[in-house]
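The values are calculated or read from the model by the stated rules, or taken from the named source; none is laboratory data. Since the model is a prediction, treat every value here as computed from it, not as a measurement. Cβ atoms come from the backbone with ideal geometry, glycine included; neighbour counts cover every protein chain shown.
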Amino acid sequence: MRPRIDLSFECVLIGEQVPDAGFYAWDIPDNILYADSALAALFGLDAGLAERGLPIENYLERVHPDDRPRLAKTIRDSIIGHHPQQEVYRVLDMSGTYVTVASYGRGFLDAAGSPNRYVGIVIPAAHDMQGITH
């Protein structure tokens, strides 16, 4: 298993400007997404587990069912095309309410040219698309 990814430096640099921003790094070969406590809160997940790493499916399950296919396609296209992604979608928070977030991410390749890491930021959107309750 790969060592835990430490995002603290990047989180401090950017997080001071966007206090509710959640940061993540997805280890694609091991399918483990490491996230800070802000991202865990946005997705209604336990912060301790998120920091130690969870399968990406734990996050995708929290995405609104109507938004999930579009988000998965955007991420896949970003990895295959090796370009940044931007997407707005809804996630289920701890209260059971869907909140709108904006995400920005990018994949990175290893020395052999295979997808290796995907890192990004998720921020709460200023205005929710809908205040849908689960």
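Go through (1) over 16 Å from Val119 (Cα atoms); (2) at pLDDT 95 or above; (3) among the charged types (D, E, K, R) for Glu16 and report which single condition fails.
(2) is the only condition that Glu16 fails.
Step by step: first the residues of the range 93-108, then only those that are free of Cβ contacts under 8 Å to residues at least 40 places away in the same chain and hydrophobic (A, V, I, L, M, F, W, C), then the one that is farthest from Tyr118 (Cα to Cα). Which residue is that?
Of everything passing the filter in the range 93-108, Ala102 is farthest from Tyr118 (Cα to Cα).
With the structure loaded, tell me whether Tyr34 is within 29 Å of Ala112 (Cα to Cα), surrounded by 20 or more Cβ atoms within 10 Å (Cβ to Cβ) and under 14 Å from the mean Cα position of the chain (by Cα) or whether it fails that test.
Judged against the criteria, Tyr34 is a match.
With the requirement that a residue be over 16 Å from Ser78 (Cβ atoms) and touching a helix residue (DSSP H, G or I) at 6+ places or on another chain (Cβ under 9 Å), what does the range 93-114 give you?
Asp93, Met94, Val99, Val101
Looking at Arg90, Arg52, Arg70, which one is surrounded by fewer than 20 Cβ atoms within 10 Å (Cβ to Cβ), touching a residue at least 12 places away in the same chain (Cβ under 8 Å) and under 20 Å from Pro124 (Cα atoms)? Break it down stepwise before answering.
On the way: Arg90 fails: surrounded by fewer than 20 Cβ atoms within 10 Å (Cβ to Cβ); Arg52 fails: under 20 Å from Pro124 (Cα atoms).
Exactly one residue qualifies, and that residue is Arg70.
For the range 70-120: of the residues being of a type in the set (Lys, Arg) and under 14 Å from the mean Cα position of the chain (by Cα), which is farthest from Glu57 (Cα to Cα)?
Our first condition is that a residue be of a type in the set (Lys, Arg); within the range 70-120, this holds for 70, 73, 76, 90, 106, 117.
Applying the additional criterion that residues be under 14 Å from the mean Cα position of the chain (by Cα) yields 76, 90, 106, 117.
Numbers: Arg76: 14, Arg90: 15, Arg106: 18, Arg117: 16 Å.
Per the criteria, the residue is Arg106.
All but one of (1) touching a residue at least 60 places away in the same chain (Cβ under 8 Å); (2) out of contact with any strand residue (DSSP E or B) (no Cβ under 7 Å at 6 or more places or on another chain) hold for Pro65; which doesn't?
Just one mismatch for Pro65, condition (1).
Filter the range 16-49 down to the residues that are aromatic (Phe, Trp, Tyr), within 17 Å of Phe108 (Cβ to Cβ) and in contact (Cβ under 8 Å) with a residue 40 or more places away in the chain and list them by number.
Step one: filter the range 16-49 for residues aromatic (Phe, Trp, Tyr), giving 23-24, 26, 34, 43.
Pick out the ones that are also within 17 Å of Phe108 (Cβ to Cβ) and you get 23-24, 26, 34.
Phe23, Tyr24, Trp26, listed by residue number.
Can you tell me which residue among Ala50, Ala25, Ala41 is in contact with a helix residue (DSSP H, G or I) (Cβ under 6 Å, 6 or more places away or on another chain) and at pLDDT 90 or above? Spell out how you get there, then give the answer.
Numbers: Ala25 fails: in contact with a helix residue (DSSP H, G or I) (Cβ under 6 Å, 6 or more places away or on another chain); Ala41 fails: in contact with a helix residue (DSSP H, G or I) (Cβ under 6 Å, 6 or more places away or on another chain).
Every option except Ala50 fails the conditions.
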